[in-house]
Amino acid sequence: MVLNDRMKRILKFSNITIILISFFLVENLPGNQILSDVVKSYYSQRFSIHSKDIKIKFIHIPDVDINKQYLIVPELKIKLGHQTIWIEEHISGNTFPLTLDISANIPVLVAKKTIPRKEGLAPEMFYFESCLLTRDYERYVFDKKELEGAMAIQVIKMGKPLTYSMIKKRPDIFKGDLVGVELVSGNMVIETKGTAKKDGNYGGKTEVILDRTGKKVFGKVIGSNRVRVKLN
């Protein structure tokens, strides 16, 4: 259904779109159907998807005068699932709670083929597919930019939607790697080898067991498979 000018007016407020809604009986539709269309329009704008991809189940609709105009009070953080939003009467400023359950078909990244654990990730390894998401939608990856410098921390099966729990930034040093170690004391530098006990990223610290002595030391990751340890 296309909302007419009496049902929908768009305002800009603090960079957030506010939708004014009028509960008029238009085209012989019941008031809650009109409300449903307008709420879908609001959420479709916030999620940048088509309104037909928004699914709504009303749990509690406030007792309001259907001949007045109301606005949906926008939340800074948008979410799906069971929630209460607020509508505000345009003239008086009175607010009323509207409880509903929201789900949405949102394009998420899906693996083209099974990806092994520790495999580096690239955009061409995934495609977009619309999935019906609810309150846990923040788990899913929606942007291929999130794959930059990332790797799989578990096997990602072909056709599986990608979640943040499946990936992490690819470390410069992996736990168990044989690494070069610089032991620095004043102006003296001793080169040796060791085994990384933890993953490490450039500029961060990691734990290393020195091969010759078995001593545990902590050092700064200064490159791929290279750690610098200051002794004093």
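The values are calculated or read from the model by the stated rules, or taken from the named source; none is laboratory data. Owing to the predicted nature of the structure, the values given are computational and were not obtained by experimental measurement. Every residue, glycine among them, receives a Cβ derived from its backbone with ideal geometry; neighbour counts consider all protein chains shown.
Run down Ile56, Ile78, Ile91 and say which single residue is closer than 28 Å to Leu133 by Cβ, of a type in the set (Val, Ile, Thr), out of contact with any Asp or Glu (no Cβ under 9 Å at 6 or more places or on another chain) and modelled with pLDDT of 70 or more.
Ile78
Given the options Glu119, Glu124, name the one that is within 30 Å of Phe174 (Cα to Cα) and out of contact with any strand residue (DSSP E or B) (no Cβ under 9 Å at 6 or more places or on another chain).
Glu124
Quick one: which of Leu162, Leu121, Leu147, Leu132 is closer than 30 Å to Leu35 by Cβ and among the aliphatic types (A, V, I, L, M)?
Selected residue: Leu132, the only one of Leu162, Leu121, Leu147, Leu132 that is closer than 30 Å to Leu35 by Cβ and among the aliphatic types (A, V, I, L, M).
Within segment 31-67, take every residue that is among the acidic types (Asp, Glu) and closer than 18 Å to Gly81 by Cα and give me the one that is surrounded by the fewest Cβ atoms within 10 Å (Cβ to Cβ).
In this case the residue turns out to be Asp53.
Can you run down the residue pairs with Cβ atoms below 7 Å, 6 or more apart or on separate chains, where the first is in segment 193-212 and outside any strand (DSSP E or B) and the partner is surrounded by fewer than 16 Cβ atoms within 10 Å (Cβ to Cβ) and among the basic types (Lys, Arg)?
Lys197/Lys175; Lys198/Lys175; Asp199/Lys175; Asn201/Lys169; Asp211/Lys193
Can you tell me which residues in segment 132-159 are surrounded by 15 or more Cβ atoms within 10 Å (Cβ to Cβ) and more than 21 Å from Asp199 (Cβ to Cβ)?
Leu133, Tyr137, Tyr140, Phe142, Lys144 - these are the residues of segment 132-159 that are surrounded by 15 or more Cβ atoms within 10 Å (Cβ to Cβ) and more than 21 Å from Asp199 (Cβ to Cβ).
Rundown of residues vs (1) at pLDDT 90 or above; (2) of a type in the set (Lys, Arg); (3) more than 19 Å from Ala122 (Cβ to Cβ), yes/no style:
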| position | (1), (2), (3) |
| --- | --- |
| Ala152 | yes, no, no |
| Arg170 | no, yes, no |
| Gly180 | yes, no, yes |
| Leu183 | yes, no, yes |
| Ala196 | yes, no, yes |
| Glu207 | yes, no, yes |
| Lys215 | yes, yes, yes |
| Gly223 | no, no, yes |
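Could you name every one of the strands (runs of 3 or more DSSP E) located completely within segment 99-176 that has at least 1 residues being of a type outside the set (A, V, I, L, M, F, W, C)?
126-133, 167-169
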